[in-house]
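A short write-up of the structure that comes next.
What follows draws every value from the coordinates through simple rules; no lab data is involved. Worth saying up front: this structure is predicted, and the values here are computed from it rather than measured. In this analysis, Cβ positions are derived from the backbone assuming ideal geometry, glycine residues included, and neighbour counts consider all displayed protein chains.
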Amino acid sequence: MALDRSDLWARLLGFLFFLPILIPVLTGYPHILIGTGFAAIWVVYEACTLLGRGVSALRRILAICLMMGVFLLPILSAINMIFSPLTIAIMAGLSVGAYGLLGRGEAVFMLLLAATIYCLSYLSVRPDGAFMLISLAIIISASDIGAYFSGRMIGGPKLAPAFSPSKTWAGSIGGILFALIAAEAALYGFWQMHLSAALGVLVAGLAILSQIGDLYESAMKRRLGIKDSGQLVPGHGGALDRFDGYMTTLPVAAWVLASDIALLGNLQPQ
């Protein structure tokens, strides 16, 4: 299958729209909260707009406020409380309240969105969180790019035609390989180190999870009868279309840091 050059250029141009998120993240705390807060409210606004079609504007606004309350939880509480029963209960309560206001049967999506928003905020306030977010962005972006080019150039059997007819097994495998190559290049370029077996498994797992998030969001859009979640960014659909991979990877990334798993500790800049 030939590459669509117009689609490719639109994707490259659309990247500029994400600089207001990327630049504050690169600068670290506290400026990182500007970038991640902007990402959170963009995703939440789109989600509540899509799931709140047919309900009043007031109910959609209240749902947005509840979901953004999830973003504030790690900022207002101790960061070591990420998996405490109290914070989980509050997060679940806020998402259930937003779900009730919107009136659409996407309870799993709302809980997953709440977990994503919470973990994004949690990583934003951790000293090593910016490093993890940048690492995650490299992995997911490389997986997306690898899947795009591999799928277009190789083609072959479809991965999940019922959810996303354009995705192929070749694209999925290519995305995982690109993620591993990008992780190896970043490790060697910054630390003159090579990808260990344990870290390679983590990178491959995150790449797979990002693809699952993409398929899940595609399936939800099909249930809702929509093509793109938004039209703001040319060539990128909406915020949900760009951040779907983070919905299934951010909770894992936050858990890795919260559990002090020694996969990335010796790589973090001092």
Worksheet entry | Neighbour-count ranking [beta-carbon atoms within 10 angstrom, fewest first] of VAL201, VAL44 | VAL201, VAL44
Discussion item. With +1 assigned to the C-beta of every Lys and Arg and -1 to the C-beta of every Asp and Glu, and no other charges, what is the dipole magnitude of the stretch 5-267 about the Cα centre in debye, to the nearest 20?
Written reply: 720
Worksheet item: Going by a ≥ b ≥ c, the root eigenvalues of the Cα gyration tensor, does the stretch 5-267 fall in the rounded group (a/c under 1.5), the prolate group (a/b larger than b/c) or the oblate group?
Response: oblate
Worksheet item: How do TYR45, TYR29 rank when sorted from fewest to most other Cβ atoms within 10 Å of their own Cβ?
Response: TYR29, TYR45
Worksheet item: Which of VAL256, MET193, PHE38 sits farthest toward the positive end of the charge dipole of the stretch 5-267, with +1 on the Cβ of Lys and Arg and -1 on the Cβ of Asp and Glu?
Response: PHE38
Worksheet entry | Built amide H within the under 5 Å cut-off of ALA160, gap 5+ | LYS167
Fill in: Length-normalised contact order of the stretch 67-145 in % [C-alpha pairs under 8 Å, at least 6 apart]
37
